[in-house]
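The values are calculated or read from the model by the stated rules, or taken from the named source; none is laboratory data. The structure presented is a predicted model; accordingly, all values stated were derived computationally and were not measured. Here Cβ is always computed from backbone atoms with ideal geometry, including for glycine, and neighbour counts include all displayed protein chains.
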Amino acid sequence: MAVPQRPGRGAGGAGGAALREIACDESGSEGEKLIGGNTEVFAHAGVGMSVEAAAECLRETRDRIRSPAVEYKANHLLRGKHRRVLVWLLGEVIPGQAHVYLVDKAYFAVCRLTDLLRGEITYAGTGRDERAAALHREGARALGPDGWTAFLEAFNDVMRGKADVGEFFGGVERMRPPGPLAEVMERLARARPRAEAYLARDPAAVPLLDPLIPALVRVVTYWGGAAIAHDRHNGLTEERISEVFPVPPAGFRLVEARTDPRVQVADFLAGTARKIAEEELNGRGDAELVALLRPYVDPASIWGDERSGRLLIPDGAGQVSA
């Protein structure tokens, strides 16, 4: 199986005679709700296939699955009886033409907590955040996995404006966890004014707790300035896109998935990648599917779990690029 390579700027690319357009879709998007939602992983896929190649992929997929559904989605491929179709798609059809950016949502919440301690929440790249990784490990050790998850959910709710700020920070001040986490809680208690300032910002501003934002930044960087055709999404307003990209990419347009076969292939990849990664994160991974997915995964994915990261993400357990 060919390994996807980062596209260059040759013919058909950003520096060629024709501008290349990358079709994108996501799976697992729940806005800024990172903990306690329906999904634990967010996946964003970009596909560089031509319209004709994507249409042929859809025709072949329909012929193999033979479902009467008008529009095929990733969940068709994830059914056990269609496993061979998924293996065919990942292993034979789209290698070299696609990219997946994964986000472990719980770890992303820790990264945003770490940003708050630093003094700024931003979607700009920071490289691997060792402090966030260490905090994620220490939090689970000190409070237990369930206790740490409950704390992150409370933090997430406060930063979304869904819980009382005073009550949360009052609880933080009263916390006396063992080990290094105690110092983190002291620093977090002092960061309350920063949290309040974040919550007081313009409601139309970029939602920096939404993993879709760093995914957009990354896909433009990864594909070297190509134009983007993205499935329609409520969070992708013109105002937010212009804020994320002060210097806009070569082109950015929103399309209906059912009208663009490339976006439908991106839906296949994003949806199956999210499910494969989520199963591996929870210790129920499918070795064959993980191996097929791995070549597509961006090394800059935001991933905190070291065990699953070594299997899913090339060059280590993941990078924080948000």
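Per-residue answers, yes or no, for (1) within 20 Å of VAL100 (Cα to Cα); (2) touching a Ser or Thr at 6+ places or on another chain (Cβ under 6 Å); (3) of a type outside the set (D, E, K, R); (4) surrounded by fewer than 14 Cβ atoms within 10 Å (Cβ to Cβ):
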position	(1), (2), (3), (4)
CYS24	yes, no, yes, no
GLY36	no, no, yes, no
MET49	yes, no, yes, no
ALA54	yes, no, yes, no
LEU58	yes, no, yes, no
ALA69	no, no, yes, yes
inquiry  = Restricting to the range 81-99, count the residues that are among the β-branched types (Val, Ile, Thr) and in contact with a Ser or Thr (Cβ under 8 Å, 6 or more places away or on another chain).
reply    = 1
request  = Would you check if there is a residue in the range 178-189 being within 26 Å of ARG240 (Cα to Cα) and touching an Asp or Glu at 6+ places or on another chain (Cβ under 6 Å)?
outcome  = no
key: The listed residue being buried (at least 17 other Cβ atoms within 10 Å of the Cβ) and under 16 Å from ALA191 (Cα atoms), out of ASP104, ASP129, ASP115   = ASP115
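Quick check on VAL158: is it surrounded by 13 or more Cβ atoms within 10 Å (Cβ to Cβ) and under 22 Å from the mean Cα position of the chain (by Cα)? Talk me through it step by step, then tell me what you get.
Details: surrounded by 13 or more Cβ atoms within 10 Å (Cβ to Cβ): yes; under 22 Å from the mean Cα position of the chain (by Cα): yes.
Yes; evaluated as a whole, the condition is true for this residue.
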ask   = Is it the case that ASP104 is closer than 19 Å to ARG274 by Cβ, among the acidic types (Asp, Glu) and within 19 Å of the chain's Cα centre (by Cα)?
value = yes
ask   = Out of (1) over 21 Å from PRO203 (Cβ atoms); (2) outside any helix (DSSP H, G or I); (3) at pLDDT 95 or above, what's the single condition that is false for LYS162?
value = (1)
Qualifying residue in the range 132-141 (condition: of a type outside the set (Gly, Ala, Ser), in contact with a Gly (Cβ under 8 Å, 6 or more places away or on another chain), part of a helix (DSSP H, G or I) and closer than 28 Å to THR221 by Cβ) = yes
remark   = Note on ALA45: of the conditions (1) modelled with pLDDT under 95; (2) of a type in the set (A, V, I, L, M, F, W, C); (3) under 15 Å from PHE268 (Cβ atoms), unmet is (1)
key: Sole residue being surrounded by fewer than 19 Cβ atoms within 10 Å (Cβ to Cβ) and within 30 Å of ALA270 (Cα to Cα), chosen from PRO214, PRO207, PRO177   = PRO207
query = Of these, VAL220, VAL263, VAL247, VAL320, which one is surrounded by 15 or more Cβ atoms within 10 Å (Cβ to Cβ), among the β-branched types (Val, Ile, Thr) and modelled with pLDDT under 85?
reply = VAL320
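Say whether the condition of being in a loop (DSSP other than H, G, I, E, B), aliphatic (A, V, I, L, M), closer than 23 Å to GLU30 by Cα and at pLDDT 95 or above is met by at least one residue in the range 146-159.
no
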inquiry  = I'm trying to understand the selection: among the residues of the range 89-124, which are outside any strand (DSSP E or B) and charged (D, E, K, R)?
reply    = GLU92, LYS105, ARG112, ASP115, ARG118, GLU120
key: Residues within the range 167-208 that are touching a residue at least 40 places away in the same chain (Cβ under 8 Å), hydrophobic (A, V, I, L, M, F, W, C), within 18 Å of LEU135 (Cα to Cα) and not in a helix (DSSP H, G or I), tallied   = 1
